[in-house]
Amino acid sequence: MGFAMMCLGMFMAILDIQVVATSMPTIQAALAVEPDRISFVQTAYLIAEVVAIPLTGFLTRVLTMRWLFVSALSVFTLASIGCAASQSFAALVAWRVLQGFSGGTLIPTVFSAVFLMFPDRQQALATTIAGVLAVLAPTVGPIVGGWITETWSWHWLFLINVAPGVVAARAASRLLPVEALEVGATRRLDLVSLVLMATALAALILGLKEAPQRGWLSAPVSGLLALSAVGLAGFLARTLKGPFPIVSLRTFGDPGFAVGCTLSFVLGIGLFGSVYMMPVFLAVAHGYGALAIGTIMLVTGIAQLATAPLAVALERRIDARLLSAFGFLTFAIGLGASAVQTPETDYDGMFWPQVIRGVAIMFCLLPPTRMALGHLAPEAVPDASGLFNLMRNLGGAIGLALIDTVIFSRAPVHASAIVERLKAGDPATAKALGLPPEIVAAGGPGAIGDEVKLMLQPMIEKLAFVYAMNEAWGLVALITFAAIASLALVRPDAR
């Protein structure tokens, strides 16, 4: 029951990110925030989260798993109340930082608990429960966020965390195992390493956020990425040489852990990327709202839940390398199947790609998690779990930056090519735009007047956007497929 409460808290923390993302325009209007600033409501959370995740091992040693989880969830719940009560943009961002930092420790703590609280025969089931909730939250987030926004108000995006947070924290304080605190470990905290790590991660997230719009070689982005590289280099130098590192990086020398982290990173690209691209496509191509988008995206969650029992049964019997290869191959196929969309693609066209991805997800999560953490000594698990989950979040951040870069850079190229094909009288292009072929057969838009060209411009831009998004789907599919090669580095007994 204690583990169930931990999973509930983790689910709420992950769900919070998606439901808030769904309703950003509503929050922007309510607080009168400029459009180019509202995204920092999410960015503040994500920066605090990625800084907190690798600290989970250190915090676990100081507070123990029980009191770290209870403290983090209590702070997360309090911060949720603060977000709901915010009357200004600055106050909301400040509460989101606190919410992100506390929420960031919940995910690796839960995955640590799998290998610290359960015997080997029950770890597959426990990992599946945690994994299902971890990847289900982003899937159901759009429909939950859309329904809350349309039914109540944006304040309830945060207030829904309060009751589950109070219940889970109170129950966990009584049900989780009791361990001795090591408060003295705080005296060995390397503050310089902490500052370097926080600087490197914060600069990386900000740089990735700005890169698609400003350009990867622009001065602000180059400066942020350079700052991140310098901070990372300093952090690595102190951490690898210091007697009391805030996070143990030597675990990367274990092939099973290193490959598991690689797969976690790639899963982050595909998982966060698909959850991002589907709503954007449906909003641009069809003008759907959050509730309608969330309803369509439930297909992935249902397929995932239906496949979970099979994944548990097979994980106990089949080499983790084979199951991981199956999962990432299937996930790549599901991603690639979305790379042929048209402006008319709707629920029916998205159904089978979603089913394929939903079937694959548990095979992409469960075997790599055991491969990375299942064979480690208990004292190494908290640090390793933090790093393992950090890789998935960094994969998601980098993946979103790559996706946006493809969309922003390729859409204008496709728009120009579409215009040229129309001028050449290409009937296939006319059909793709939904036009009768005879309209372009006699000279194209250049021969039919400026008013008609102006009328066609939105259609051209939409088709160009779809083509660019298809390329982004294809890129993510190729990256996912390529990750399978890393399994060759793991021995069969790494399970």
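Residue count for segment 150-199 under the criterion of being touching a residue at least 60 places away in the same chain (Cβ under 8 Å), loosely packed, with under 13 Cβ neighbours inside 10 Å and of a type in the set (Val, Ile, Thr): the result is 3. Looking across segment 56-87, the residues that are within 25 Å of Ala397 (Cα to Cα) and either without any contact (Cβ under 8 Å) to a residue 24 or more places away in the chain or out of contact with any helix residue (DSSP H, G or I) (no Cβ under 7 Å at 6 or more places or on another chain) (or both) come down to Phe58, Ala79. Against the conditions (1) without any contact (Cβ under 8 Å) to a residue 24 or more places away in the chain; (2) buried (at least 21 other Cβ atoms within 10 Å of the Cβ); (3) closer than 21 Å to Val144 by Cβ, Phe281 satisfies every one except (1). Could you tell me whether segment 434-450 includes any residue that is open to solvent by 20 Å² or more (accessible area, probe 1.4 Å), touching a helix residue (DSSP H, G or I) at 6+ places or on another chain (Cβ under 8 Å) and at pLDDT 85 or above? No, segment 434-450 contains no residue that is open to solvent by 20 Å² or more (accessible area, probe 1.4 Å), touching a helix residue (DSSP H, G or I) at 6+ places or on another chain (Cβ under 8 Å) and at pLDDT 85 or above. In segment 227-251, of all residues being under 24 Å from the mean Cα position of the chain (by Cα) and free of Cβ contacts under 8 Å to residues at least 60 places away in the same chain, the one that is surrounded by the fewest Cβ atoms within 10 Å (Cβ to Cβ) corresponds to Ala229.
Conditions (1) open to solvent by less than 30 Å² (accessible area, probe 1.4 Å); (2) not aliphatic (A, V, I, L, M), marked per residue:
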residue	(1), (2)
Val33	yes, no
Phe40	no, yes
Ala44	yes, no
Val51	yes, no
Arg61	no, yes
Thr64	yes, yes
Trp67	no, yes
Ser74	no, yes
Ser80	yes, yes
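Return yes or no: is Gln87 at pLDDT 90 or above, of a type outside the set (Asp, Glu) and not in a helix (DSSP H, G or I)? Answer is yes for this residue. A single member of Ala29, Ala13 is of a type in the set (A, V, I, L, M), farther than 16 Å from Gly396 by Cα and open to solvent by 20 Å² or more (accessible area, probe 1.4 Å), and it is Ala29.
Any residue at all in segment 22-30 that is more than 19 Å from Ala84 (Cα to Cα), small (Gly, Ala, Ser) and in contact (Cβ under 8 Å) with a residue 24 or more places away in the chain? Scanning segment 22-30 turns up no residue that is more than 19 Å from Ala84 (Cα to Cα), small (Gly, Ala, Ser) and in contact (Cβ under 8 Å) with a residue 24 or more places away in the chain.
With the structure loaded, tell me whether Ala313 is closer than 28 Å to Val381 by Cβ, open to solvent by 10 Å² or more (accessible area, probe 1.4 Å) and modelled with pLDDT under 90 or whether it fails that test. So Ala313 fits the description; yes. If you check Thr43, Thr109 for being within 19 Å of the chain's Cα centre (by Cα), part of a helix (DSSP H, G or I) and either among the basic types (Lys, Arg) or within 22 Å of Leu204 (Cβ to Cβ) (or both), only one passes: Thr43. Selection of first residues in segment 322-350 that are open to solvent by 50 Å² or more (accessible area, probe 1.4 Å) and of second residues that are β-branched (Val, Ile, Thr) and not in a helix (DSSP H, G or I), restricted to Cβ pairs under 9 Å at least 6 apart or on distinct chains, gives the following pairs, ordered by first then second residue: Phe326/Ile318.
The values are calculated or read from the model by the stated rules, or taken from the named source; none is laboratory data. Because the structure is a prediction, the values reported are computed rather than measured. Note that we place each Cβ from the backbone using ideal geometry, even for glycine, and neighbour counts take in every protein chain shown. We work out accessible area using only protein heavy atoms, side chains counted, and drop any ligands, DNA or RNA first. Shrake-Rupley method; radii C 1.70, N 1.55, O 1.52, S 1.80 Å.
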